[in-house]
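Visitor: Just dropping this structure here.
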Amino acid sequence: MRHRWGGTERDLSFCAHALADPDARVVLDATRDVRFAGNAQVKGSPHIRFYAGAPRIDTETGTTLGNLCIAVLARCETPADRQRASA
């Protein structure tokens, strides 16, 4: 994962999880996800909360070329979260 605050070691990278899984991955709140809650990028700067990533796969060879991802520094709400808040 490359971002404005510098590069990330692969063992800390959210993107390494996306590369290992052929399906898209969405993490609404990284502080509550057992895979990421202890991650240094969640516990400390840049304090990632939301992450979505999917591998880019060559359709002819099946080779993973990399991944497309987004990391946000704010928790994202689901429609169910909004519904509970308005009740």
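Visitor: Report the gain in length on full extension from Arg75 to Asp58: 0.36 nm times residue separation, minus Cα-Cα distance, nm rounded to one decimal. Let's see the in-between values first.
Guide: Working: separation 17, 0.36 × 17 = 6.12 nm, distance 3.17 nm.
Extra length available between Arg75 and Asp58 comes to 2.9 nm.
Visitor: Rounded if a/c is under 1.5, else prolate if a/b beats b/c, else oblate: with a ≥ b ≥ c from the C-alpha gyration tensor eigenvalues square-rooted, which is the stretch 10-86? Each step should come with its number before you reach the end.
Guide: On the way: a/c = 2.88, a/b = 1.57, b/c = 1.84.
Cα axes put the stretch 10-86 in the oblate bin.
Visitor: Cβ neighbours within 10 Å, averaged per peptide: list 48-54, 28-34 in order, most packed at the top.
Guide: Details: 48-54: 20.0, 28-34: 14.7.
Packing proxy ranking, top to bottom: 48-54, 28-34.
Visitor: Quick one: length gained pulling Ala20 to Ala37 fully straight, 0.36 nm per residue minus the C-alpha distance? The partial results should precede the final answer.
Guide: Numbers: separation 17, 0.36 × 17 = 6.12 nm, distance 1.87 nm.
Gain on extension, Ala20 to Ala37, equals 4.3 nm.
No lab work stands behind these numbers, since they all come straight from the coordinates. These figures come from a predicted structure and were not determined experimentally. Cβ atoms come from the backbone with ideal geometry, glycine included; neighbour counts cover every protein chain shown.
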